[in-house]
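Chemist: Pasting in a structure now, in C-alpha cells, and then I'll have a few things to ask.
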Amino acid sequence: MLKIAALQVMIILSLIFIPIVKLYAQTGKLHLKITDIQESRGRMQIGIYNDPDDFPIEGKEYKIIYLEVYGNELDHTIKELPQGDYAVAFYHDLNMDSICNLNFLGIPKEGYGFSRNYRPKLRAPVFEETVIKVTDSTYVEMTPIY
C-alpha cells in the first residue's frame with residue numbers, strides 16, 4: 001500500500017513539474033541592436049508584437065521597451081521570451097513626448113524602423129513582412145529611417 005501511495009505522489013509531482021520545465025525550456029533570448037542613430041538624445045520606444053492583427057498598432061504590443069539614447073547605437077536583450085514569431089517596430093522619440101510625431105502625410109517625423117529592416121513604400125508593413133523567429137538566441141539589427 002505504501003508503494004502505491006509513493007507512486008501516486010510521484011505521478012502527481014510529475015504532472016505538476018514537467019509542464020513548468022517544458023515551458024521554461026521553450027523560451028529564448030532576443031538580442032536587439034539599433035545602429036546609425038542620428039541624434040544622441042531622447043529615447044527609443046520599441047514594440048514587440050506576436051499577433052499579426054495587432055501589428056504595428058501602438059498600444060497593442062506584446063511587450064514594450066523604452067531605452068534612453070546616449071550614442072549612435074543601442075543594444076538590448078530580452079530574456080525568457082517565449083519562442084515563436086514576432087515583429088518589431090520602433091521609433092526615436094526625440095522630444096520624449098511618448099508620441100510618434102507625424103507630418104501632414106502621416107509619415108513619422110522622428111526616426112522609425114522595423115525588424116528585417118523593412119522599408120515601407122506607401123503603407124505600413126504587415127506582420128509577415130517583418131516577422132522574425134525567436135529561438136534559443138536570436139539577433140536582430142535594425143537601422144532607423146529618418
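Chemist: Using label points projected 7 Å from each Cα along Cα→Cβ, tell me how many nm separate GLU128 and ILE99, to one decimal.
Modeler: Here the modelled spin labels are 3.5 nm apart.
Chemist: Can you give the direction-averaged projected area of the convex hull of the alpha-carbon atoms in region 28-142, in nm²? Mind showing how you got there, number by number?
Modeler: Numbers: hull surface 26.8 nm².
So the Cα hull casts an average projection of 6.7 nm².
Chemist: Looking at this model, which pairs from LYS63/LYS121; LYS79/LYS109; LYS63/LYS133; LYS60/LYS133; LYS109/LYS133; LYS60/LYS121 are more than 21 angstrom apart at the alpha-carbon?
Modeler: On the way: LYS63/LYS121 26 Å; LYS79/LYS109 31 Å; LYS63/LYS133 16 Å; LYS60/LYS133 19 Å; LYS109/LYS133 30 Å; LYS60/LYS121 23 Å.
From the list (LYS63/LYS121; LYS79/LYS109; LYS63/LYS133; LYS60/LYS133; LYS109/LYS133; LYS60/LYS121), the Cα-Cα distance tops 21 Å for LYS63/LYS121; LYS79/LYS109; LYS109/LYS133; LYS60/LYS121.
Chemist: By the scheme Lys and Arg +1, Asp and Glu -1, what is the net charge of all other residues having a beta-carbon under 11 Å from that of GLY47?
Modeler: Details: positive: LYS60, LYS63; negative: ASP54, GLU58, GLU61.
Residues close to GLY47 contribute a combined charge of -1.
Chemist: Tell me the relative contact order for region 28-142 as a rounded percent, counting alpha carbon contacts under 8 Å between residues six or more apart.
Modeler: Values: 251 pairs, mean separation 42.4, N = 115.
So the answer I get is 37 percent.
Chemist: For HIS92, what is the net charge nearby, where nearby means another residue's Cβ is under 13 Å from its Cβ and Lys, Arg count +1, Asp, Glu -1? If you can, show how the numbers build up before the last one.
Modeler: On the way: positive: ARG41, ARG43, LYS109; negative: ASP36, GLU39, GLU68, GLU73, ASP93, ASP97, GLU110.
The answer is -4.
Chemist: Which GluC sites (Glu not before Pro) does region 53-142 hold that lie in a coil by DSSP with at most 16 other beta carbons within 10 Å? Don't skip to the end; give the middle numbers.
Modeler: Details: sites: GLU58, GLU61, GLU68, GLU73, GLU80, GLU110, GLU128, GLU129, GLU141; in loops: GLU58, GLU61, GLU73, GLU110.
Answer by residue number: GLU58, GLU73.
Chemist: Show me, for region 39-49, the HN-Hα J-couplings you get by feeding each phi into the Karplus relation (A = 6.51, B = -1.76, C = 1.60, θ = phi - 60°), rounded to Hz, glycine and proline as x.
Modeler: 10, 8, 7, x, 9, 9, 9, 10, x, 9, 10
Each reported figure results from applying straightforward, stated rules to the coordinates on display, with no laboratory input. Just so you know, these numbers come straight off a predicted model, no measurement behind them. Cβ sites come from the backbone with ideal geometry, for glycine too, and all protein chains shown count toward neighbours.
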